[in-house]
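Here, each number is a calculation from the coordinates, and none is a lab measurement. What you are looking at is a predicted structure, and each value in this text was computed from that prediction instead of being measured. Note: ideal-geometry Cβ built from the backbone for every residue, glycine included; neighbour counts use all protein chains shown.
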Amino acid sequence: MLKTIARKETLETILSYRFPLFTLICLLLIPLGLFVNQADYGKRLRDYQEQTRLADEAAKSLSIQDVMAGTVALKGFRRPSPLSVFTQGFESTFPAYYEFTQDGFTAGESSGGSDSILAAQGKVDFVFLVQMVVSLIALLFASDMISGEKEAGTLRAMLSNPLPRDALLAGKAGGGFLALWIPFLLSFLVGLAVLLFAGFPLFGGDAAARIAMVFLVSSVFVLTYYVIGLAVSAATAKARTSLVAILILWTAFQLIIPKMSDMAARLVHPVRTETEVSLQKSLLVNALAMEQARELGREYDRIFANAPESANEENSPERKRWDPIRDGIQQRYRERKSRELGAIDETFAQEKRRQTNLALNLSLISPSAAFARLVSDVCGTGELERSRYAGAVRSHQNALDAELFSKVKRTVMLHEGGGTSVGFTAMPVDASKLPKFSIASATLAEAFKANGRSLVSLILWLIVPFAFAYAKFLKYDVR
Amino acid sequence: MLGILVRKEIADNLLSYKFFIVILLSAVLIFTSLFVMGRDYKNRVADYQLIRPKPDQAVAVLPPNPLSVFAKGLEDSLTRSYEPSVIGIEARTGRSSANTVFDFFPAPDFVYIVKVVLSLVALLFGFDRISREREAGTLKLTLANPVSRGVLLFGKWLGNLLSLAVPFFLITGIGLAVLHLDPSFRMTLSGYGRLALILLLSLVYMALFLSLGLFVSAVTRRSATSLVVLLLIWALIVFVLPNTGTLIARQIVDVPSTRGMQEKRNQIWTREIILAITNKESRAEHFKVIEDELNRLEEDYRNKSERRIRLAKALNRISPAAGFVYTATEIAGTGIGEEARLKREVVRYNGRVLESRRREEKQPPAFEYAYRSIGAVLAEGGLFDIAWLVVFNVIFFAAGAVAVLRYDVR
């Protein structure tokens, strides 16, 4: 019986005028969205390759004099994520590169800003289309499943058969969703064909598995909205009422909840701006440098007061006393600097983490937000990638400090009389052996592990509306 | 008669629960948007206070534009800081948003809400105007009076537009008042003029969707059919068409990538510097060559990319949503035209700074930039876009009038 109901529902949907319309929308939108983003990705990849090549050339001709002068800025580029074709996520807001210098790292420009015409219209990618358009259509399809049949009078006829109401509901949901899912699958496959045709590496690494996951999660997401529509339909007596209710729900999930959660998080946990923090850091660095220069100058004057010419003699007794003292002072300040900068970074990161977590948790009330976050992490353009990127930048700075920047010591001294002097010591550096910047991307399993809450949200939104629809339908007046 | 019809439509709306729910929803959205964007603006102002150039720094950076609360547009790109140097201009992000969660969903500015949600609301107002009255049988009764079908349609259009416009202006007004409770939010008189123009434009945009709704409602027999058809058209207008033009333009006009430019710039620079070092007497000439060639390169790039943007814009205008966004952001001073103009100004400023360095002046010239006046914006395409929206309105309304004439009211 369940099968009959499901088959009837599928056939009915396919025969309705809405079905070809929906198929047309999907076939038009999804491949187009994929194609546009693929072109965009290709451009970013070319930029990335060009830039890394230039940076590599620059690094090869690196000389110790540059390091001494403090003008060296090594760049580490982030390779654009291929699966950003499916969802942009944070992709266009990540800095395209970081610049590493003796004094720490600074973020370069984000990759998104260069194409103003695209920025003006907003992004249209696969996830956005599923989230905004397909979800709305799923709601629309489900909106008159119960109330429509009641109005037509067929609900009564069906229930005069030996058919329990739960089977009817499950059959209707399954059959209706199948009719929706087939055009969705079809357009996804067409989109993949378009990608393949455009030369996108579909089968490199675990890309195929990830794409399959993207589709699976999208299907579950569409089902979620379908079930929500079903619940609304079972709770209302007139088809028009359910339409309005559905539109309101849709707006709340897509536009209001995600933004409200940001806002609430900002109010509860306010955070200083990054400009403020970097200003605070540079103030600290300058203050420490000054203090260190003063202390070095004092020691220098004390040791070389009687024999100023011995400063240039390698083996003079004064030099033998001076060198360890200088190294000790520098070591102490270096440690102090990294400790205090680390503390600032750590508090800031904590503040930000608190705020982000709150915003994230609140936004998961909406299945759309849960879906968008999960898929963006699967595609390597989400929150996970952001933290990986930040971690890679920090560890690369440490590696460069050890391999390159610590090879050169610049000794700035401030003497009591007010004069300044600068001295250098340098060790040879092999420019070709410098560490390469790379980000360890999260694996698929890690992406799912980090998104447990999103999954729970999606599944809850699947079960709760269905249970609600069932409870409502049991009491439904079918006349 | 028209007056009676209009009054009837308004009363009809006021008595339906749909009206109240939809208006409540719009109010929540608009308030949320103004609040979120207002805070964002405040943060950016605080950032600007920190990075603002001192008199001895040659940096071009614009303060945040208060109208970006309503139309964000390319504000992030406009408020970048530009540092002139011999090998071209270095752009840096003017600020870094403290809350990056913000970037995950599109910025919910006023223009976005009008573009996506209020257009949908206008469709909701129009989608069942004719077909439902037929279903209820009141259409027959109305037409038994001495009223022409054209007047009937116009009465419906006007009545619904008024029931849309009045709450819309009220809500926006209240939101604006709340925004002004914060002393750091200040707008100039011309800012209010611009805002009024944006509101008017939004109304024209919504009226267009109302006409479209009435038209589709008059060609379909059942209101459920009309809603589905309208949603399809809505998705096309709002999401698909505004991007196809860009896609096509990209294929037609080829623009060198921004980073490829960097390479060319470096080549020229290295070549001329080596020449300058080898023959010392003509050093100044070589520097001049560098500057000229770089300017030419920049000019060529700019011309190409402007041509592409023009083409993309022209193609995107098939969708009224694209035209609406372009004009609204231009009026607010955050549009594509404003950005191109700023970039040209920055290039000119770069020349001035280099000149002053050559003359070894103590203080670099300060960067000054004035947004285009409303008149200039309207003259440079704004008026065309507004006219374009009106033309869409007239076409949809005329099509609706024809459909109503042929409508079987039984």
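Shielding of peptide A:253-265 by partners, expressed as the average count of other chain Cβ atoms within 10 Å per residue Cβ, is 5. Cross-link partners of residue A:43 among lysines, defined as those whose alpha carbon lies under 24 angstrom from its own and excluding same-chain residues fewer than eight positions apart: A:75, A:123, A:436, B:264, B:304, B:313, B:343.
In this rough spin-label picture, where each label sits 7 Å from Cα along the Cβ direction, the residue B:264-residue A:416 distance is 6.1 nm.
Please order A:432, A:92, A:187, B:217 by the number of other Cβ within 10 Å, starting at the fewest.
Details: A:432 9, A:92 22, A:187 25, B:217 29.
Fewest-to-most Cβ neighbours within 10 Å comes out as A:432, A:92, A:187, B:217.
To the nearest 0.05, how large is the calculated FRET efficiency for residue B:178 and residue B:402 if R₀ is 51 Å and r is the Cβ-Cβ distance? Mind dumping the intermediate values first?
Details: r = 45 Å, r/R0 = 0.88.
E between residue B:178 and residue B:402, to the nearest 0.05, is 0.70.
Computed over neighbours whose Cβ is under 12 Å from that of residue B:113, the net charge equals +2, Lys and Arg +1, Asp and Glu -1.
Taking K and R as +1 and D and E as -1, what net charge do the other residues with C-beta under 12 Å from the C-beta of residue B:201 add up to?
0
Per residue of B:243-249, other chain Cβ atoms within 10 Å of the residue Cβ number 4 on average. Peptide A:266-276 has a mean shielding of 5, counted as Cβ atoms of other protein chains within 10 Å of each residue's Cβ. Listed by chain and number, the lysines whose C-alpha is less than 16 Å from the C-alpha of residue A:409, apart from same-chain residues fewer than 8 away, are A:337.
For an R0 of 45 angstrom, estimate the FRET efficiency from the Cβ-Cβ distance between residue B:394 and residue B:56 and round to the nearest 0.05. Could the numbers behind the result be given before it?
Working: r = 57 Å, r/R0 = 1.28.
Step by step, r from the Cβ atoms, then E = 0.20.
Summary value for chain A: 24 percent relative contact order, contacts being C-alpha pairs under 8 angstrom separated by 6+ residues. Calculated FRET efficiency, residue B:200 to residue B:42, Cβ-Cβ distance, R0 = 25 Å: about 0.40 to the nearest 0.05. From least to most packed, judged by other beta carbons within 10 angstrom and beginning with the fewest, A:461, A:322, A:181 follow the order A:181, A:322, A:461.
Listed highest first by mean packing, meaning other Cβ atoms within 10 Å per residue, what order do A:85-91, A:434-440 come in?
So the peptides A:85-91, A:434-440, ranked by packing, come out A:85-91, A:434-440.
As a proxy for reagent exposure, B:324, A:197 were ordered by neighbouring Cβ count within 10 angstrom, fewest first; the result is A:197, B:324. The simple spin-label model puts a point 7 Å past each Cα toward its Cβ; for residue A:58 and residue A:449 those points are separated by 3.7 nm. When peptides A:448-454, A:347-353 are ranked by their average number of other Cβ atoms within 10 Å per residue, the highest-first order is A:448-454, A:347-353. With the helix formula -39500 (n - 2.57) applied to DSSP H stretches of n ≥ 4, the protein assembly as shown reaches a computed 222 nm mean residue ellipticity of -23000 deg cm²/dmol. Label point of residue B:222 set 7 angstrom out along Cα-Cβ; within the range A:1-44, amide nitrogens under 17 Å from it belong to A:9-22.
Taking K and R as +1 and D and E as -1, what net charge do the other residues with C-beta under 11 Å from the C-beta of residue B:223 add up to?
Spelling it out: positives minus negatives among the neighbours equals +3.
Approximating the spin labels as points 7 Å out from Cα along Cα→Cβ, the residue B:380-to-residue B:275 distance works out to 3.5 nm. With just the Cα atoms defining each centre, how far is the range B:324-341 from the range A:3-29? Give it in Å. Going from one Cα centre to the other spans 42 Å. Segment residue A:440..residue A:343, full-extension length gain: 32.4 nm, with 0.36 nm per residue of separation and the alpha-carbon distance subtracted.
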